[in-house]
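Student: One structure, pasted below without further comment.
The values are calculated or read from the model by the stated rules, or taken from the named source; none is laboratory data. Not measured: the values here are computed from a predicted model. With ideal geometry, Cβ positions are generated from the backbone for all residues, glycine too; neighbour counts draw on all protein chains shown. Just the protein is used for accessible areas: all its heavy atoms, side chains included, with ligands, DNA and RNA removed. Shrake-Rupley method; radii C 1.70, N 1.55, O 1.52, S 1.80 Å.
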Amino acid sequence: MAKENGEWILYGREYDDPARIGSAQELVSLIDEVGFLPLFKNRAAGFSVEEFTSAEDWWTGDVRRDPWEWRETLARSGRVIYGKFFQKKAGFISRGWFPRFANYRRDGYDFDSLSDEGKANHRWKKLMEPFERTEKLCSWQLKEAAGFGKGGERNFEGAVTDLQMRAYLLARDFQRRLNAKGLEYGWPVTVYATPESLLGYEQISSCYREEPSRSFGVIVNHLAEKFPQANKEDLAAVLSL
């Protein structure tokens, strides 16, 4: 997606293109095959949901064909992992590839170890602490529980994005707030969770014995095979922390 002459332009496929993704299930199958897929067009050619779908389907509100709606459906399903993982922008990672991704992005540290080594800043600690008591929190709940907001800590969005980039948090769902009558209102907000709560600690830590730099190399080489039209250096840049 790019801005041209003041307008946002989507770059997608024609409806008769056999490689076009037309449903959430087809997108899951593609993510399982390639392992990683940012939501929007980036510097690596062809490496996005946007470039596999039709521009006409975006933001239609039709859950059957709108990729913007699919991100909610897929995050909620847990069949793939969704979050801000690519240059602080959103995208998907398969369940099978996430442990190796986490090993690279975490540099071999789970969050407790990162904190014990003095490598976690105080904002990250405040945001991760509530997840010791619960598995999932809406963004406004997390903001309140961690002491952000008016008179408290600042840069909530930036800190939450940092934790996603480092594979300590993911977007598990999207929910609207409820009014006094129990009716939904407003825009859907992100529900955050730890990868461990979805996949389990054993699976998340399964690649910890591998050198993080090797994990990164394996990922980039895999994507270079799956996306031969993309420059390998561009793929590495999109995957870099």
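Student: So what is the relative contact order for the range 64-161, in percent, with contacts set as C-alpha pairs under 8 Å and at least six apart?
Tutor: After rounding, I find 15 percent.
Student: Determine the relative contact order of the chain: mean sequence separation of Cα pairs under 8 Å and six or more apart, normalised by residue count, in whole percent.
Tutor: Once divided by the residue count of the chain, the mean separation gives 22 percent.
Student: With +1 assigned to the C-beta of every Lys and Arg and -1 to the C-beta of every Asp and Glu, and no other charges, what is the dipole magnitude of the range 115-241 about the Cα centre in debye, to the nearest 20?
Tutor: For this selection, approximately 520 debye.
Student: Taking the dipole about the Cα centre of the chain, with the C-beta of Lys and Arg at +1 and of Asp and Glu at -1, give me whichever of 23, 137, 236 is farthest to the positive side.
Tutor: It is 137, whose Cα lies furthest towards the positive end.
Student: What does the accessible area of residue 132 come to, in Å² to the nearest 10, when a probe of 1.4 Å is used?
Tutor: For residue 132, solvent-accessible area is about 140 Å².
Student: Quick one: 3J(HN,Hα) in Hz for the range 70-86, Karplus 6.51/-1.76/1.60 with θ = phi - 60°, rounded, Gly and Pro as x.
Tutor: After applying 6.51 cos²θ - 1.76 cosθ + 1.60, I find 4, 4, 5, 4, 6, 4, 5, 6, x, 6, 9, 9, 10, x, 8, 10, 10 Hz.
Student: Relative contact order, percent, of the range 1-117 when contacts are C-alpha pairs under 8 Å separated by at least 6 residues?
Tutor: Contact order relative to length: 23 percent.
Student: Rounded, prolate or oblate: which one fits the range 59-188, using the alpha carbon gyration tensor with axes a ≥ b ≥ c (rounded when a/c is under 1.5, else prolate when a/b beats b/c, else oblate)?
Tutor: Note, shape of the range 59-188 comes out oblate.
Student: Under the rule of -39500 (n - 2.57) per DSSP H run of 4 or more residues, summed and divided by the residues of the chain, what mean residue ellipticity at 222 nm is obtained, to the nearest 500 deg cm²/dmol?
Tutor: So the helix-based figure for the chain works out to -10500 deg cm²/dmol.
Student: Any aspartates and glutamates with Cα under 13 Å of the residue 143 Cα? List them, leaving off those in the same chain fewer than 8 positions away.
Tutor: Once the sequence-local aspartates and glutamates are set aside, what remains near residue 143 is 129, 153, 157.
Student: Another question, then. What pairs from 126/181; 84/232; 41/226; 150/181 go past 23 Å between their alpha carbons?
Tutor: Cα-Cα > 23 Å for 126/181; 150/181; rest within.
Student: If you take the charge dipole of the range 74-172 about its Cα centre, with +1 on Lys and Arg Cβ and -1 on Asp and Glu Cβ, which of 146, 87, 159 is farthest toward its positive end?
Tutor: So the residue we want is 87.
Student: With charges only on Cβ, +1 for K and R and -1 for D and E, what is the dipole size of the chain about its Cα centre, in debye, rounded to 20?
Tutor: The dipole magnitude comes to about 700 debye.
Student: Hey, another quick one. So, taking all protein chains as they sit and a 1.4 Å probe, how much accessible area belongs to residue 21, in Å² rounded to tens?
Tutor: Counting only protein heavy atoms, the figure is 20 Å².
Student: Now for a different question. How much accessible surface does residue 11 have with a 1.4 Å probe, in Å² rounded to 10?
Tutor: Residue 11 has an accessible surface of roughly 80 Å² with all protein chains in place.
Student: Sort 59, 97, 124, 187 from largest to smallest accessible area, using a 1.4 Å probe on the heavy atoms of the protein chains.
Tutor: Order by accessible area, largest first: 187, 59, 97, 124.
Student: Could I ask something else about it? By a straight-distance test (C-alpha under 16 Å), which aspartates and glutamates pair with residue 136 as possible cross-link partners, with residues fewer than eight away in the same chain excluded?
Tutor: Answer for residue 136, where 16 Å is the Cα cut-off: 72, 144, 173, 196, listed by chain and number.
Student: At 1.4 Å probe radius, can you tell me the per residue accessible area of the chain in Å²?
Tutor: Solvent-accessible surface per residue comes out at 52 Å².
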